[in-house]
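Written out below as structure tokens is the structure these notes cover.
Read-outs: derived from the displayed coordinates by stated rules, not from any lab. Predicted model, so just to flag it, every value in this text is computed and none were measured. So basically every Cβ, Gly included, is an ideal-geometry build from the backbone, and we count neighbours across all protein chains shown.
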Amino acid sequence: MSTEQNKQTVRRYLDEVWNLGRIDASAAYLAPGYLRHGAPGTEPLDIEGQRVRLQGFRTAFPDVSLVIEDMVAEGDMVAFRFTMSGTHHGPFQGIGPTGRRISVPGLDLVRLKDGLLTEHWGGADLNVLRGQLA
């Protein structure tokens, strides 16, 4: 796949799964053996773990959306800087619903193979997010 095709795949994934909330559609974008790398010292998430993670965000922030600010690609890698926004209506990491709007920067790096996401690193700045809920 070309770098432009890889960028389009990532855009479609973000639009359909994150912005439209079609979490079950994530399976169409994630390769068998997919790994979502989180914080250092934590085990990577597989497809099911990522689905649970996505559902957790959607429960805490039902109107969550991601706006891509910048995107670059080289070889099989796509990097993108984004802003995640939403309204806190459900529990998130032990914090009960506050009704507050959040706007959080993030940076991700994704590896693709044959049009599917195989590995994923990064994410929204959770320290900024927690600070906005305090």
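Shown for H37, H120: other C-beta atoms within 10 Å of each C-beta, ranked fewest to most, produce the order H37, H120. Going by alpha carbons, how many degrees (0 to 90, nearest 10) lie between the helix axis of 47-60 and the longest principal axis of the chain? Around 30 degrees separate the two axes. The relative contact order of segment 3-133, computed from alpha carbon pairs under 8 Å that lie at least 6 residues apart in sequence, is 25 percent. Each helix, a run of at least 4 DSSP H residues, gives -39500 (n - 2.57); summed and divided by the residues of the chain, these come to -7500 deg cm²/dmol at 222 nm. Here the peptides 83-91, 24-32 are ranked by packing, the mean other Cβ count within 10 Å, and the order with the highest first is 83-91, 24-32. For the chain, the alpha carbon positions stretch 43, 29, 28 Å along the principal axes, listed from largest to smallest. Where both bridge residues fall in the chain, DSSP classifies roughly 90% of the beta bridges as antiparallel. Taking only the C-alpha atoms of segment 37-88, Rg followed by Dmax gives 13.4, 37 Å.
For the chain, the longest principal axis of the Cα atoms and the long axis of helix 3-13 meet at an angle of about 30 degrees.
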